[in-house]
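Since the structure comes first, as structure tokens, the remarks are kept for the end.
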Amino acid sequence: MQMNKFSQQHSKLRILISNDDGVRATGIKVMQRIAKTISKDVWVCAPMNEQSGAGHSLSLRNPLWLSRISARKYAVEGTPTDSVLMGVHQLLKDHKPDLVLSGVNRGSNMAEFITYSGTCAVAMEATLLGIPAIAVSQQINPEVKKVNWSTAESFLPKLIGKLLRAGWPKNTFININIPNVSPENLTGIEVTSMGQRNMGDSLVEKNHPMGHKYYWIGALPKQKPGLKGTDLAAIENRKISVTPIDMDLTNYTALKKLGLAVGSSRL
């Protein structure tokens with residue numbers, strides 16, 4: 001198994017930051033401050049506008065525009081995946097990043113939600129490009145506008161340092177979720193598996209004043225407690241969840257069984 005290995009001199013790492021909340025989001029500013037505790041060579045290339053729920057999508061029918069916001073901070077009129085491609089292959093093409101950090105996202109990205117997540121898509125694209133990546137998301141209370149970013153700033157510099165010293169497989173990215181608690185109320189850090197939610201998204205039908213119907217994707221049904229050892233359970237227990245996500249989606253148990261069933265059959 002090939003591993004991502006990092007020099008002990010983390011201060012020399014070139015770090016690229018992106019997200020799906022947009023280049024001006026508070027969370028990306030938090031991530032910049034966290035990254036600068038690791039290295040001074042920190043760059044940002046993120047979507048110009050919010051792209052939450054964009055998943056791992058590419059802009060194939062529209063041109064990409066790269067705009068300079070400030071020193072080492074750029075915006076792309078496109079998706080989170082577009083931003084990584086522009087950051088790696090255009091902005092930093094002469095000296096590509098050693099590490100990609102995504103987030104800090106406003107809202108958690110756990111269980112099946114990682115398939116919708118533009119935050120995780122940033123880390124996925126970096127991983128496909130051969131660059132180690134970490135996605136970070138902050139759980140929020142939807143009814144409270146203020147987000148407590150202090151837990152991320154208090155614990156992520158040390159946690160990311162530990163991950164860099166340990167390394168992880170090349171075809172894998174790290175998905176971190178932070179519970180909605182203050183630093184003193186955090187109960188620990190746990191390495192977890194991906195949980196499973198009750199999905200069944202509902203569609204909410206509304207009437208437009210002009211007489212047409214329109215629809216909102218509604219809230220999830222009531223959730224059961226997450227299974228022990230999963231990202232869901234860790235967050236419920238006020239722990240930071242650290243989940244290694246592999247890019248190989250093959251079900252090897254099914255591969256063997258189906259191979260025995262159809263592998264030698266004749267058409």
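Coordinate-derived values only; no laboratory data. Because the structure is a prediction, the values reported are computed rather than measured. As a convention, Cβ positions derive from the backbone with ideal geometry for all residues, glycine included, and neighbour counts pool all protein chains shown.
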inquiry  = Relative contact order for the range 126-183: what percent, with Cα pairs under 8 Å and sequence separation of 6 or more?
reply    = 61
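Tell me the relative contact order for the range 18-150 as a rounded percent, counting alpha carbon contacts under 8 Å between residues six or more apart. Before the final figure, lay out the partial values.
On the way: 263 pairs, mean separation 37.3, N = 133.
The normalised contact order for the range 18-150 reaches 28 percent.
Kirkwood hydrodynamic radius of the range 19-173 from all distinct Cα pairs, in Å? It would help to have the intermediate numbers written out before the result.
Values: mean 1/r = 0.0644 Å⁻¹.
Answer for the range 19-173: a Kirkwood hydrodynamic radius of 15.5 Å.
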remark   = Simple spin-label estimate for SER70/GLU184, 7 Å along Cα→Cβ, in nm, reads 3.1
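If the chain between ARG197 and SER59 were fully stretched, how many nm would it gain, using 0.36 nm times the residue separation less the Cα-Cα distance? Write down the numbers at each step before the final one.
Working: separation 138, 0.36 × 138 = 49.68 nm, distance 2.96 nm.
Contour length minus Cα-Cα distance gives 46.7 nm.
Based on DSSP, what percent of beta bridges with both residues in the chain are antiparallel, to the nearest 5? The partial results should precede the final answer.
Details: 17 of 43 bridges.
Taking every DSSP beta bridge within the chain, about 40 percent pair in antiparallel fashion.
Using DSSP to define loop residues, name the trypsin sites (Lys or Arg not before Pro) in the range 79-162 whose beta-carbon has at most 12 other beta-carbon atoms within 10 Å.
On the way: sites: LYS93, ARG106, LYS145, LYS146, LYS158, LYS162; in loops: LYS93, LYS145, LYS146.
Within the range 79-162, the qualifying trypsin sites (Lys or Arg not before Pro) (loop, at most 12 other Cβ atoms within 10 Å) are LYS93, LYS145, LYS146.
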query = Which lysines does LYS170 reach when only Cα atoms under 25 Å apart count, and residues fewer than 8 places away in its own chain are ignored?
reply = LYS5, LYS12, LYS36, LYS40, LYS93, LYS96, LYS158, LYS162, LYS256
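Test of understanding: what is the full-extension gain from LYS93 to SER39, defined as 0.36 nm times their sequence separation minus their Cα-Cα distance? Present the calculation step by step, with values, prior to reporting the outcome.
Numbers: separation 54, 0.36 × 54 = 19.44 nm, distance 1.91 nm.
So the extension gain works out to 17.5 nm.
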VAL144, VAL44 arranged by Cβ crowding within 10 Å, fewest neighbours leading = VAL144, VAL44
request  = Calculate the spin-label point distance for TRP216 paired with VAL204, positioning each point 7 Å from the Cα along the beta-carbon direction, and give it in nanometres.
outcome  = 0.3
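Kirkwood hydrodynamic radius of the range 148-263 from all distinct Cα pairs, in Å? Write down the numbers at each step before the final one.
Working: mean 1/r = 0.0564 Å⁻¹.
Kirkwood hydrodynamic radius for the range 148-263: 17.7 Å.
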key: Mean separation of Cα contacts under 8 Å, 6 or more apart, over the residue count of the chain: relative contact order %   = 17
Student exercise, the chain dipole from Lys, Arg, Asp, Glu Cβ charges, in Debye to nearest 20 = 440
remark   = Taking alpha-carbon centroids only, the range 1-27 lies from the range 152-211 a number of Å equal to 17
request  = Taking the Cα centre of the range 107-250 as origin, sum charge times position over the Cβ atoms of Lys and Arg (+1) and Asp and Glu (-1), and report the length of that vector in debye to the nearest 20.
outcome  = 240
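Could you give the size of the charge dipole of the range 52-135 about its Cα centre, using +1 on the Cβ of each K and R and -1 on the Cβ of each D and E, expressed in debye and rounded to the nearest 20?
Values: 7 positive and 6 negative charges, 55 e Å.
The calculation lands at about 260 debye.
Would you mind calculating the gained length between THR26 and LYS228 on full extension (0.36 nm times residue separation, minus the Cα-Cα distance), in nm to one decimal? Intermediate results must be reported in sequence, preceding the final value.
Details: separation 202, 0.36 × 202 = 72.72 nm, distance 3.20 nm.
Extra length available between THR26 and LYS228 comes to 69.5 nm.
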request  = Taking only Cα atoms and a 10 Å spring cutoff, compute GNM fluctuations for the chain and point out the largest among PRO244, PRO80, PRO225.
outcome  = PRO225
note = With -39,500 (n - 2.57) per DSSP H segment of 4 or more residues and division by the full residue count of the chain, the 222 nm estimate, nearest 500 deg cm²/dmol, is -7000 deg cm²/dmol
